[in-house]
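**Q** One structure follows; several queries about it will come next.
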Amino acid sequence: MTSKAFSWSTTGDDIVQASADRVKGRTFLITGVSKNSLGAETAMTLARHGSPAQIILAGRFRYRIDPVIAKIKELNPDVKVFFVPLELTEPSSIRAAARQILSYPKFKNIDVLMNYAGIGAFIWFPCLIGWRREEWPDLQLGANHFPDFDNKDTKTKRQLIVTGLVAALDPGLEAHSGAYLSDCQIAVPAEHARGKDRAERLWKITEEIAAQEFPI
Ligand SMILES: NC(=O)c1ccc[n+]([C@@H]2O[C@H](COP(=O)([O-])OP(=O)(O)OC[C@H]3O[C@@H](n4cnc5c(N)ncnc54)[C@H](OP(=O)(O)O)[C@@H]3O)[C@@H](O)[C@H]2O)c1
């Protein structure tokens, strides 16, 4: 089980500080790391409070990631930071990224993979109701369930990354592989996300769309 001390108000800084031995000397591969993203905040938090050996940042536009690389180097010059091109909508790009990573002896062991790349569910919404881009971040970062604002909606980016860090670093979870976490604790996923049958169906549909088998 995860530490009961961790909750919705815990920050990423708290988790990394409490898990220094799980960060030290390890190699992290993180997707979704453009400037101001949760992946970028995660990478910077690892470098700020821990001593990872290497952080590999995978993304599609290098110019959006260069500021994050620069910040990590500023925060902790001992951390080696690498960029790998990755466009997740292009299977050929995914394979090329995997080949590149596997071909570098120094990347032999990826200790932690954190998949943050994704499309924010709210990206279309502010446009529809006429918000300007600069008005988005608080909503994007704070609103997990708009317009039902509650405590979650006051979360900062440092808090939003925390459950991902718990999943990556908490040794108490080793016996709970595949568990669903919410606010740092093991939780019950929504009905539609439960069940071996649904998982197998999703896997099969994915194989069909990708026109490739992914044996487990
Ligand atoms: N922020 C929140 O409050 C919140 C809450 C719950 C869940 N989430 C989810 O957590 C994830 C990350 O959130 P975020 O706030 O960090 O979002 P974000 O700021 O929009 O960042 C998303 C990241 O994913 C990358 N990405 C998107 N499409 C990609 C593709 N096809 N190939 C490669 N990279 C791609 C983006 O790269 P580009 O810069 O190249 O587009 C960016 O680095 C999202 O899936 C979001 O829905 C966020």
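The values are calculated or read from the model by the stated rules, or taken from the named source; none is laboratory data. Just so we're clear, the structure is a prediction, and the values are computed from it rather than from any experiment. We place every Cβ from the backbone using ideal geometry, glycine too, and count neighbours over all the protein chains shown.
**Q** What is the one condition in (1) modelled with pLDDT of 95 or more; (2) surrounded by 19 or more Cβ atoms within 10 Å (Cβ to Cβ); (3) under 18 Å from Val162 (Cα atoms) that Ser51 does not satisfy?
**A** In the conditions (1) modelled with pLDDT of 95 or more; (2) surrounded by 19 or more Cβ atoms within 10 Å (Cβ to Cβ); (3) under 18 Å from Val162 (Cα atoms), Ser51 misses (2) alone.
**Q** Might you check whether a residue that is at pLDDT 85 or above, in a loop (DSSP other than H, G, I, E, B) and touching a helix residue (DSSP H, G or I) at 6+ places or on another chain (Cβ under 9 Å) occurs anywhere in segment 157-178?
**A** yes
**Q** Is it true that some residue in segment 73-81 is of a type in the set (A, V, I, L, M, F, W, C), farther than 30 Å from Glu207 by Cβ, under 17 Å from the mean Cα position of the chain (by Cα) and in a helix (DSSP H, G or I)? Give the derivation first.
**A** First pass over segment 73-81, keeping only residues of a type in the set (A, V, I, L, M, F, W, C): 75, 79, 81.
The next check asks that each one be farther than 30 Å from Glu207 by Cβ; those that pass are 75, 79, 81.
When the remaining residues are screened for being under 17 Å from the mean Cα position of the chain (by Cα), the result is 81.
Those left that are additionally in a helix (DSSP H, G or I): none.
No, there is no match, as no residue in segment 73-81 is of a type in the set (A, V, I, L, M, F, W, C), farther than 30 Å from Glu207 by Cβ, under 17 Å from the mean Cα position of the chain (by Cα) and in a helix (DSSP H, G or I).
**Q** Please name all residue pairs, on different chains or six or more residues apart, with Cβ atoms under 9 Å, provided the first residue is in segment 166-189 and is loosely packed, with under 12 Cβ neighbours inside 10 Å and the second residue is among the charged types (D, E, K, R) and outside any loop (DSSP other than H, G, I, E, B).
**A** Listed pairs, sorted by first residue: Pro171/Arg22.
**Q** Please find, within segment 14-43, the residue that is surrounded by the fewest Cβ atoms within 10 Å (Cβ to Cβ) out of those that are in a strand (DSSP E or B) and more than 15 Å from the ligand (Cβ to nearest atom).
**A** So in segment 14-43, the residues in a strand (DSSP E or B) come out as 27-31.
This time we only want the ones that are more than 15 Å from the ligand (Cβ to nearest atom), so: 27-28.
Numbers: Thr27: 19, Phe28: 23.
Top of the filtered list is Thr27.
**Q** Separate question: Is it fair to say Pro126 is modelled with pLDDT under 90, assigned to a helix (DSSP H, G or I) and surrounded by 14 or more Cβ atoms within 10 Å (Cβ to Cβ)? Steps first, answer last, please.
**A** On the way: modelled with pLDDT under 90: yes; assigned to a helix (DSSP H, G or I): yes; surrounded by 14 or more Cβ atoms within 10 Å (Cβ to Cβ): yes.
Criteria met by Pro126.
**Q** Now a separate question. When both residues are 6+ apart or on different chains and their Cβ atoms are under 6 Å apart, which pairs have a first residue that lies in segment 78-96 and is within 17 Å of Ile209 (Cα to Cα) and touching a residue at least 40 places away in the same chain (Cβ under 8 Å), and a second that is within 9 Å of the ligand (Cβ to nearest atom) and not hydroxyl-bearing (Ser, Thr, Tyr)?
**A** Leu88/Ala117
**Q** Could you say whether any residue in segment 75-89 is within 16 Å of the ligand (Cβ to nearest atom) and out of contact with any helix residue (DSSP H, G or I) (no Cβ under 9 Å at 6 or more places or on another chain)?
**A** The answer is yes, given that some residue of segment 75-89 is within 16 Å of the ligand (Cβ to nearest atom) and out of contact with any helix residue (DSSP H, G or I) (no Cβ under 9 Å at 6 or more places or on another chain).
**Q** Here is a check on your reading of the model: is Arg64 at pLDDT 95 or above and within 15 Å of the ligand (Cβ to nearest atom)?
**A** Criteria met by Arg64.
**Q** Name every residue in segment 44-61 that is charged (D, E, K, R) and within 12 Å of the ligand (Cβ to nearest atom), in order of residue number.
**A** Let us first name the residues in segment 44-61 that are charged (D, E, K, R), namely 48, 60.
Of everything in segment 44-61, just one residue is charged (D, E, K, R) and within 12 Å of the ligand (Cβ to nearest atom), namely Arg60.
**Q** Evaluate the following for Ile94: is it in a helix (DSSP H, G or I), over 16 Å from the mean Cα position of the chain (by Cα) and away from the ligand (no atom under 14 Å from the Cβ)? Don't jump to the end; show me each part of the working.
**A** Values: in a helix (DSSP H, G or I): yes; over 16 Å from the mean Cα position of the chain (by Cα): yes; away from the ligand (no atom under 14 Å from the Cβ): no.
So Ile94 does not fit the description; no.
**Q** Pairs under 9 Å by beta carbon, first residue over 10 Å from Ile161 (Cα atoms) in segment 1-20, partner of a type in the set (Lys, Arg) and part of a loop (DSSP other than H, G, I, E, B), six or more apart or different chains?
**A** Filtered contacts from segment 1-20: Trp8/Lys155; Ser9/Lys155.
**Q** Suppose we filter Leu46, Leu102 for residues that are aliphatic (A, V, I, L, M), at pLDDT 85 or above, surrounded by fewer than 18 Cβ atoms within 10 Å (Cβ to Cβ) and in a helix (DSSP H, G or I); which single one remains? Write out each step before concluding.
**A** Working: Leu46 fails: surrounded by fewer than 18 Cβ atoms within 10 Å (Cβ to Cβ).
Every option except Leu102 fails the conditions.
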